[in-house]
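Here the structure is laid out as structure tokens; the discussion comes afterwards.
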Amino acid sequence: MDAQKVKIALTNGKQIAKIKVKGFKSILDAEIDLGMLNVLIGANGAGKGNFISIFKLLKGMNTNKIQSYITQQGGLESILYMGSKTTPDFGVRMFWAGGRLDDKSVCSLRRTV
């Protein structure tokens with residue numbers, strides 16, 4: 001994508017400005033501001049890979065392959081922070097650059113019996 005298309009995409013609010021994650025894998029509760037370029041730095045086991053996994057999950061939801069993604073991850077118990085006894089559900093909320101406060105995307109999953 002050339003620089004002009006990137007600029008147009010950003011002015012149309014297509015860049016994620018902030019992401020909030022709650023109860024997903026090793027991430028209990030996090031709010032992360034994102035820029036044009038983001039670098040994840042941390043010790044082994046700090047959660048960098050789990051943060052990237054959020055986008056894989058969202059891709060699975062968008063392509064109707066969410067069940068396949070959850071199965072590949074070891075089931076819903078593996079996705080919930082410390083399992084469903086501790087965390088009954090998880091959520092991801094994305095806020096778009098240049099958007100109003102109500103311009104956000106939300107997804108959440110809850111284990112049902």
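The values are calculated or read from the model by the stated rules, or taken from the named source; none is laboratory data. Worth saying up front: this structure is predicted, and the values here are computed from it rather than measured. Heads up, the Cβs are rebuilt from the backbone with ideal geometry, glycines too, and the neighbour counts pull from every protein chain shown.
Can you confirm whether the stretch 18-25 contains a residue that is in a loop (DSSP other than H, G, I, E, B) and without any contact (Cβ under 8 Å) to a residue 24 or more places away in the chain? Can you show your working first?
Just the residues of the stretch 18-25 that are in a loop (DSSP other than H, G, I, E, B), to begin with: 25.
Next cut, without any contact (Cβ under 8 Å) to a residue 24 or more places away in the chain only: none.
Checked against the condition, which is being in a loop (DSSP other than H, G, I, E, B) and without any contact (Cβ under 8 Å) to a residue 24 or more places away in the chain, the stretch 18-25 yields no hits at all.
For a quick check of your reading of the model, give me the residue pairs whose first member lies in the stretch 75-95 and is within 11 Å of CYS107 (Cα to Cα), whose second is among the hydrophobic types (A, V, I, L, M, F, W, C) and loosely packed, with under 14 Cβ neighbours inside 10 Å, with beta-carbon atoms closer than 7 Å and at least 6 apart or on different chains.
Close Cβ pairs (under 7 Å, with a partner that is among the hydrophobic types (A, V, I, L, M, F, W, C) and loosely packed, with under 14 Cβ neighbours inside 10 Å) amount to GLY91/VAL106; ARG93/VAL106.
For GLY49, are the conditions met, namely being among the small types (Gly, Ala, Ser), part of a helix (DSSP H, G or I) and modelled with pLDDT under 90? Walk me through how you get there before you give the answer.
Values: among the small types (Gly, Ala, Ser): yes; part of a helix (DSSP H, G or I): yes; modelled with pLDDT under 90: no.
Taking the combined requirement at face value, the residue does not satisfy it.
Residues are listed down the side, and each one gets a yes or a no for (1) under 10 Å from GLY23 (Cβ atoms); (2) aromatic (Phe, Trp, Tyr); (3) surrounded by 16 or more Cβ atoms within 10 Å (Cβ to Cβ):
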site: GLY60; (1), (2), (3): no, no, yes
site: ASN64; (1), (2), (3): no, no, no
site: GLN67; (1), (2), (3): no, no, no
site: GLN72; (1), (2), (3): no, no, no
site: ILE79; (1), (2), (3): yes, no, yes
site: GLY83; (1), (2), (3): no, no, no
site: THR87; (1), (2), (3): yes, no, yes
site: GLY91; (1), (2), (3): yes, no, no
site: MET94; (1), (2), (3): no, no, yes
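In the stretch 59-74, how many residues are touching a residue at least 12 places away in the same chain (Cβ under 8 Å) and part of a loop (DSSP other than H, G, I, E, B)?
Looking only at that region, the number is 1.
Considering each of VAL39, VAL21 in turn, give the residue that is more than 17 Å from TYR81 (Cβ to Cβ) and β-branched (Val, Ile, Thr). Break it down into steps so the answer makes sense when it comes.
Details: VAL21 fails: more than 17 Å from TYR81 (Cβ to Cβ).
Of the residues listed, the single one that is more than 17 Å from TYR81 (Cβ to Cβ) and β-branched (Val, Ile, Thr) is VAL39.
Looking at (1) of a type in the set (Gly, Ala, Ser); (2) modelled with pLDDT of 95 or more; (3) under 20 Å from ARG93 (Cα atoms), which one does GLY35 not meet, given that it meets all the others?
Here GLY35 clears every test but (2).
Residue check, PHE24 against (1) under 15 Å from CYS107 (Cα atoms); (2) surrounded by fewer than 17 Cβ atoms within 10 Å (Cβ to Cβ); (3) in contact with a Phe, Trp or Tyr (Cβ under 7 Å, 6 or more places away or on another chain), all met but one. Which one?
Condition (2) is where PHE24 drops out.
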